[in-house]
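Accompanying notes for the structure given below.
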Amino acid sequence: MLQVRKLNKYFGGLAAISELDLDIIDSEILGLIGPNGAGKTTLFNVVSGFFPPASGKVIFDGQDITGLKAHEIAQLGISRTFQASTLFMRLSVLDSVFTGYHMSYKRSIWKRLLRASSAVREEEILRQRATEILEFMGLASLKDELAANLSHGHQRILGVCMALATNPKLLLLDEPVTGMNPRETLTMIDLIRQVRDRGITIVVVEHDMKAVMNLCDRIAVLNYGRKIAEGPPKEIRENKEVIEAYLGKEET
């Protein structure tokens with residue numbers, strides 16, 4: 001589904017991503033791990049159009065999307081969440097998800113402002129779709145709550161709901177279980193699996209190694225912007241170079 005080829009990104013002469021090659025396979029859950037500063041979130045930012053690469057290519061569904069703007073890439077079917085909860089805290093849970101459908105409108109802005117009957121019907125359909133996402137993700141009972149009043153775990157789930165409202169083919173989740181207790185983590189892992197089962201390909205950046213090993217079909221490991229390992233969870237868990245990257249090399 002996605003091909004990254006010889007990708008480079010620099011910040012002030014520092015290589016955040018260096019000569020990176022990565023393939024993301026349709027309908028898989030790929031884990032992207034590595035120490036802090038390894039380039040994981042930078043890769044998300046480049047793929048989703050928030051940062052332009054210095055060089056290299058990003059191919060999505062056979063189309064070169066290198067250097068496209070974030071909204072253009074979102075329209076093609078790539079959506080993402082962020083490390084911090086980026087929510088509309090003063091909106092209700094339902095209205096928050098409804099905002100994700102802003103790219104789905106077929107009626108003109110003028111028809112919507114004038115409340116033309118066709119625009120009203122379209123809005124009703126999109127609100128129903130937002131409600132269906134909340135039902136699927138287990139937040140339907142909280143649809144009228146303000147986002148600010150949700151627990152941390154529910155706020156993280158709401159962020160995923162908002163991303164799903166953009167109708168993604170590829171979903172990039174940046175630390176989706178950060179700050180969650182074990183019960184919330186298990187709930188999120190189950191929800192991510194259900195999202196994948198609906199045909200959405202997922203890439204997860206996460207520091208919770210237990211969650212990554214339990215969730216992902218395949219794992220790629222970055223260190224100093226380079227890919228140092230790639231494979232199934234069991235193979236990655238036993239990889240000496242990966243262990244050294246996280247724990248440091250023992251002195252002899």
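Every read-out reported here was derived from the displayed coordinates using simple, explicitly stated rules and does not represent laboratory data. Note that the coordinates shown come from a computational prediction; the quantities given were computed from them, not determined experimentally. Every residue, glycine among them, receives a Cβ derived from its backbone with ideal geometry; neighbour counts consider all protein chains shown.
Given +1 at the Cβ of Lys and Arg, -1 at the Cβ of Asp and Glu and no other charges, the dipole of the chain around its Cα centre is 840 debye to the nearest 20. Roughly how many Å is it from the Cα centre of the stretch 141-155 to that of the stretch 188-215, as a whole number? Centre-to-centre distance over Cα atoms comes out at 21 Å.
Between the helical axis of 152-164 and the longest alpha-carbon principal axis of the chain there is an angle of about 80 degrees.
Residues in the stretch 39-51 carry Karplus couplings, in order, of x, 5, 5, 4, 4, 4, 5, 6, 4, 8, x, 6, 10 Hz; the curve used is 6.51 cos²θ - 1.76 cosθ + 1.60 with θ = phi - 60°, and Gly or Pro positions show x. Computed over neighbours whose Cβ is under 12 Å from that of Val205, the net charge equals -2, Lys and Arg +1, Asp and Glu -1.
Applying a 10 Å radius around every beta-carbon, put 121-133, 199-211 in order of their mean neighbour count, most first.
Sorting 121-133, 199-211 by mean packing, highest first, produces 199-211, 121-133.
Using DSSP, restrict attention to beta bridges with both residues in the chain and report what percent are antiparallel, rounded to the nearest 5.
Approximately 55 percent, going by the DSSP bridge assignments.
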